Amino acid sequence: MMKQVIIATKNVGKAREFQELLEKKGIEVKSLLDFPNCPDVEETGSTFAENAVLKAEAMAHYFHAIVIADDSGLSIDALDGRPGVYSARYAGEEKNDQKNIAKVLEELKGVPFEKRTARFHCALAVAAPGRRTTVVEGTCEGYITEVPKGENGFGYDPIFYVPQKGKTMAELSKEEKNQISHRAKALAKLEKQWDEIINDKE
Ligand SMILES: O=c1nc[nH]c2c1ncn2[C@H]1C[C@H](O)[C@@H](COP(=O)(O)OP(=O)(O)OP(=O)(O)O)O1
Ligand SMILES: [Mg+2]
């Protein structure tokens, strides 16, 4: 029987990346997009880790299963770490990637390239009823460009320049992004827990 994991996300881009990252291991990935009636969880935490735990524990309770939640975002040094935990709703409640990008670029007008340093953060929380919740984190360093470039990925990828690739995150193939991303790095830290995570519920 195929092993299955539930990722507590309604974000299509994230769900796809988890699919790509985990199918290599022969794991079938479900996300909240497969369960349209599941409740929304308010992200009231002040850190990525806190929000990941909130989402993971609420959905573990709802599904009575081991669940992994991802809370992630972009932290820009010239903006004192913003948009940070507010990345998804930076330009408004409707969570519009284009508007979020436009707002960031507007706020960075006139800031020279070398001062446009930024990093993506990803916190992953693993929760299940009766299990102590665990959290791992990963980051990816880069620079914010002056104009969006590239069609791949999601969110802020078109304005996130990855120095070691000489391209924006949205110009990388999904394989390339999955080698260097904050999400891939955080996921790699779950390696030791992996057997427990997929063997618990079948
Ligand atoms: O690899 C990435 N490449 C580009 N942008 C990214 C990435 N990873 C996170 N981001 C941005 C998207 C969103 O603006 C925010 C996540 O917010 P976050 O609350 O974690 O996700 P979400 O609300 O879209 O879906 P959900 O909470 O259901 O998982 O950071
Ligand atoms: Mg969210």
Margin query: Being modelled with pLDDT of 95 or more, small (Gly, Ala, Ser) and open to solvent by 30 Å² or more (accessible area, probe 1.4 Å) narrows it down to one residue among Ala52, Ala91; which is it?
Written below: Ala91
Item checked: In the stretch 6-28, residue nearest to the chain's Cα centre (by Cα) [restricted to those that are over 17 Å from Asp71 (Cα atoms) and either free of Cβ contacts under 8 Å to residues at least 40 places away in the same chain or open to solvent by less than 40 Å² (accessible area, probe 1.4 Å) (or both)] -> Leu22
Checklist line | Search result, residues across the stretch 1-11 that are within 9 Å of ligand 1 (Cβ to nearest atom) and hydrophobic (A, V, I, L, M, F, W, C) | finding: Ile7, Ala8
Margin query: Which condition from (1) open to solvent by 70 Å² or more (accessible area, probe 1.4 Å); (2) aliphatic (A, V, I, L, M); (3) closer than 25 Å to Val29 by Cβ is the one that Leu187 breaks?
Written below: (1)
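Taking the stretch 94-134 on its own, how many of its residues are open to solvent by 90 Å² or more (accessible area, probe 1.4 Å) and basic (Lys, Arg)?
Qualifying residue count, the stretch 94-134: 5.
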Next item on the list: Look at the stretch 156-184 and say how many of its residues are farther than 14 Å from Glu20 by Cα, open to solvent by 10 Å² or more (accessible area, probe 1.4 Å) and within 11 Å of ligand 1 (Cβ to nearest atom).
Entry: 2
Next item on the list: Could you list all residues from the stretch 55-64 that are open to solvent by less than 40 Å² (accessible area, probe 1.4 Å) and either among the charged types (D, E, K, R) or at pLDDT below 95 (or both)?
Entry: Lys55
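The values are calculated or read from the model by the stated rules, or taken from the named source; none is laboratory data. For clarity, every value in this text was computed on a predicted model and none was experimentally measured. With ideal geometry, Cβ positions are generated from the backbone for all residues, glycine too; neighbour counts draw on all protein chains shown. Note: areas computed on protein heavy atoms with side chains; ligands, DNA, RNA excluded. Shrake-Rupley method; radii C 1.70, N 1.55, O 1.52, S 1.80 Å.
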